[in-house]
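Only the coordinates and a few stated rules stand behind these numbers; no lab work does. Remember, predicted model here, so these are calculated numbers, not experimental data. Positions of Cβ are backbone-derived with ideal geometry, glycine not excepted, and every protein chain shown enters the neighbour counts.
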Amino acid sequence: MKVIWAPWRIRYIEMPKPKTCFLCDAVKSRDDKKHYVIYRGSKCFIIMNLFPYNPGHLMVAPYRHLPSIEDLSDDELFDLAMLTKLSLKILRKAFNPHGFNVGVNIGNAAGAGVEEHVHVHVVPRWSGDTNFMPLLADVKVIPQALEETYGKLKNVLKEFKLE
């Protein structure tokens, strides 16, 4: 079995639990660049993961603070699906990944880091991205800064003429 070993995410795990939801903070802020919001749809939005498993790791979340997909309205569920599809298109064009992991963790037992605000993870994958560096040196090579990734994704998004 291949594993994405992510020892750098321990910073996220060990951080004090914030008093507010970072997804709700991003929605309320409207400072998309500060919060790495890529796109705002009618009911949901696309945001970069600040502790990515791989470069370009995105999350799609509803504006409303809800713990599970089953709590979403049909319109929210549709927008969630459409923005997940858009995330795949943006990442494919920006980074040309070999594949994707797309998924939702509902509840702490399922691995949800933010279990009270449901979100879909969209993780681009490349052959060999589970290499030896994290295993031997406790190092994950993310070849691009979050700011650069954000700029690249926003530029690609403009090509889709959505904004």
Query raised in the report: In nm, to one decimal, how far is the Ile106 label point from the His65 one, both placed 7 Å along Cα→Cβ?
Result: 2.1 nm
Report summary line: By Cβ neighbour count within 10 Å, fewest first, Met59, Met82 rank Met82, Met59
Query raised in the report: How many nm separate the modelled label positions at Glu148 and Cys21, each set 7 Å beyond the Cα in the direction of the Cβ?
Result: 3.4 nm
Report summary line: One finds the C-alpha centres of the range 59-81 and the range 19-39 to be spaced, in Å, by 16 Å
